[in-house]
Amino acid sequence: MNIKEYIRDIPDFPKKGILFHDVTTLFKHAEAFDYVMNTMTSWYADKKIDYVLGIEARGFIVGGILANLLGCGFVPVRKPGKLPADVITEEYELEYGTDKVELHKDALKQGDRVIVVDDLVATGGTLVAGVKLAQKLKAKVVGVASIIDMPDLGGRQKLQAFDYKYMVEYKGH
């Protein structure tokens, strides 16, 4: 299945010069979204995953469904100030600036087997930050996954050590 048919491209978002690949249009097509989720599930079905960490916001959608399909828990990685209990923080660079993400300090324990997911990898900043948060809590990152990979922006290289998998790639910005 060519899932690119279901992904909308939006020029100059979130700023001029960026071509944004919008997966929300993929989410509304049940057959295409089901194909994506079943494929991602097959990547990890035999890996004994304890938790899927989903990066805010579209990573929540993918991660929540993936966790359910794998029969494991879901843990949100959120933007600052959104989690109510004690957190750890990781700063990262993205294609159009810098930001931070947070994880509850008690979300994971040593030895937990986790996957970190998001909808898209450009520079790899958010997923690398998610990996670092899991590692700070001594969890074992078994894999990293996304729907879209943009190899020209360098994220793929940063994630290869974590068995990075993706559904489709887009060249350029």
Original post:
Taking the stated definitions as given, is Asp50 at pLDDT 95 or above, of a type in the set (Asp, Glu) and surrounded by 15 or more Cβ atoms within 10 Å (Cβ to Cβ)?
Top reply: yes
**OP:** Please find, within the stretch 115-148, the residue that is nearest to Pro84 (Cα to Cα) out of those that are surrounded by 23 or more Cβ atoms within 10 Å (Cβ to Cβ) and among the charged types (D, E, K, R).
**Re:** Asp118
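Name the one entry in Asp86, Asp106, Asp112 that is surrounded by 17 or more Cβ atoms within 10 Å (Cβ to Cβ), modelled with pLDDT of 95 or more and of a type in the set (D, E, K, R).
Just one listed residue meets the conditions, Asp112.
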**OP:** Being exposed (fewer than 11 other Cβ atoms within 10 Å of the Cβ) and among the charged types (D, E, K, R) is the filter; apply it to the stretch 3-40 and report the residue that is nearest to Ile61 (Cα to Cα).
**Re:** Lys28
Subject >> Qualifying helices (runs of 4 or more DSSP H) (wholly inside the stretch 11-85; at least 2 residues being within 22 Å of Asp99 (Cα to Cα) and of a type outside the set (Ser, Thr, Tyr)) >> reply: 58-70
**OP:** Assess whether Val144 counts as being in contact with a Leu (Cβ under 8 Å, 6 or more places away or on another chain), at pLDDT 95 or above and not in a helix (DSSP H, G or I).
**Re:** yes
Subject >> Sole residue being in contact with a strand residue (DSSP E or B) (Cβ under 6 Å, 6 or more places away or on another chain) and of a type outside the set (Lys, Arg), chosen from Ala45, Ala67 >> reply: Ala67
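The values are calculated or read from the model by the stated rules, or taken from the named source; none is laboratory data. Everything numeric in this text was worked out from a predicted model, so none of it was measured. For neighbour counting, all protein chains shown are included, and Cβ atoms are generated from backbone atoms with ideal geometry for every residue, glycine included.
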